[in-house]
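One structure is given here, and the rest of the page talks about it.
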């Protein structure tokens, strides 16, 4: 069935909320999946993720009746150049995230996705000339203070958090400007990356440096399954976003970093000391201020 704008009736909204929560839960629990193939270098995981994502996305685009839209984007030189740049951003984000997960930096990864909404606000001010409201300013300043605090008092510059937050922030900013749908956009991005990724994977295979077909059937299947792990939550989110308000999506987005945080602290028992506690308390306070501001602003425009 072609994904299209759906009427926001109570059943549709309820389904949208369910699908949205499911999408963010899948994103938040994905570290469990990547941990299972941590014997594979992060770069190889991302190369497989790119190739198999394109393999999964292509038939979905055709079945969904969006082939014409895909061709139209491919014929647009400006869109292609922009999506070539966003493909680099998203692949850098994927690589950083998988490397962080498999090298026991889940807490930093969760911090990166917690600060992402605040990064979006900051980028909107710098590049789109959007004016920040008082609570937004306070939230951004508090988040920046948290980063500085962690760097000074713990001696750990949270480069993973900042790279994840800003790469995804710039990705969202650019994709917002060109207004290409998430499904079509990701299909084009993976298409642009699939050829060099395939060539490099073949090179690794022929030079006996590839993990594929070397570490057992389970690992091979999970590398292929990386495409499904990438596309399923995206499709769920795409359908959800068309059925619920943007503010609802905004609140649901905290599910993923919360899951990552819990996995890092409780399941994988990463170091979580006083400096981390203070940092996260500042970030969570900033997000509360940001959310309060969003609700107030939304009510004034209803």
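All but one of (1) surrounded by fewer than 16 Cβ atoms within 10 Å (Cβ to Cβ); (2) assigned to a helix (DSSP H, G or I); (3) in contact (Cβ under 8 Å) with a residue 60 or more places away in the chain hold for residue 88; which doesn't?
(3)
Which residue out of 121, 140, 126 is within 17 Å of the chain's Cα centre (by Cα) and farther than 30 Å from residue 102 by Cβ? Steps first, answer last, please.
On the way: 140 fails: within 17 Å of the chain's Cα centre (by Cα); 126 fails: within 17 Å of the chain's Cα centre (by Cα).
That would be 121, the only listed residue that is within 17 Å of the chain's Cα centre (by Cα) and farther than 30 Å from residue 102 by Cβ.
Out of all the residues in the stretch 104-112, is one or more part of a loop (DSSP other than H, G, I, E, B) and closer than 29 Å to residue 211 by Cβ?
Yes, the stretch 104-112 has at least one match.
Pull up the stretch 1-20, narrow it to residues that are outside any loop (DSSP other than H, G, I, E, B) and in contact with a helix residue (DSSP H, G or I) (Cβ under 6 Å, 6 or more places away or on another chain), then point me to the one that is modelled with the lowest pLDDT.
So, considering only residues that are outside any loop (DSSP other than H, G, I, E, B) and in contact with a helix residue (DSSP H, G or I) (Cβ under 6 Å, 6 or more places away or on another chain), the one modelled with the lowest pLDDT is 16.
So, residue 153, is that one part of a helix (DSSP H, G or I), touching a residue at least 60 places away in the same chain (Cβ under 8 Å) and within 19 Å of residue 233 (Cα to Cα) or not? Show your work before the answer.
On the way: part of a helix (DSSP H, G or I): yes; touching a residue at least 60 places away in the same chain (Cβ under 8 Å): yes; within 19 Å of residue 233 (Cα to Cα): no.
The answer is no for residue 153.
If residue 12 passes every condition in (1) touching a residue at least 12 places away in the same chain (Cβ under 8 Å); (2) closer than 13 Å to residue 188 by Cα but one, which one does it miss?
All conditions are met except number (2).
Any residue in the stretch 288-302 that is at pLDDT below 75 sitting within a Cβ distance under 6 Å of a residue that is surrounded by 12 or more Cβ atoms within 10 Å (Cβ to Cβ)? List the pairs, counting only those 6 or more apart or interchain.
298/247
Determine if the stretch 232-248 includes at least one residue that is farther than 27 Å from residue 19 by Cβ and either assigned to a helix (DSSP H, G or I) or at pLDDT below 90 (or both).
Just the residues of the stretch 232-248 that are farther than 27 Å from residue 19 by Cβ, to begin with: none.
No, the stretch 232-248 has no match at all.
Evaluate the stretch 121-138: report whether one residue or more is surrounded by fewer than 20 Cβ atoms within 10 Å (Cβ to Cβ), free of Cβ contacts under 8 Å to residues at least 40 places away in the same chain and closer than 25 Å to residue 262 by Cα.
Looking for residues that are surrounded by fewer than 20 Cβ atoms within 10 Å (Cβ to Cβ), free of Cβ contacts under 8 Å to residues at least 40 places away in the same chain and closer than 25 Å to residue 262 by Cα, one finds none in the stretch 121-138, hence no.
Could you please let me know if residue 46 is touching a residue at least 24 places away in the same chain (Cβ under 8 Å) and under 16 Å from the mean Cα position of the chain (by Cα)?
So residue 46 fits the description; yes.
So for the stretch 257-274 (the condition being at pLDDT below 90 and either in a helix (DSSP H, G or I) or under 23 Å from residue 138 (Cα atoms) (or both)), does at least one residue qualify?
The answer is no; no qualifying residue exists.
All but one of (1) under 13 Å from residue 190 (Cα atoms); (2) surrounded by fewer than 18 Cβ atoms within 10 Å (Cβ to Cβ) hold for residue 48; state the number of the condition that does not hold.
(2)
Mind counting the residues in the stretch 164-221 that are surrounded by fewer than 18 Cβ atoms within 10 Å (Cβ to Cβ), touching a residue at least 24 places away in the same chain (Cβ under 8 Å) and not in a helix (DSSP H, G or I)?
Looking only at that region, the number is 3.
The values are calculated or read from the model by the stated rules, or taken from the named source; none is laboratory data. Here the structure is a predicted model, which is why all the values come from computation and not from measurement. Reconstructed Cβ throughout: ideal geometry from the backbone, glycine too, with neighbour counts over all protein chains shown.
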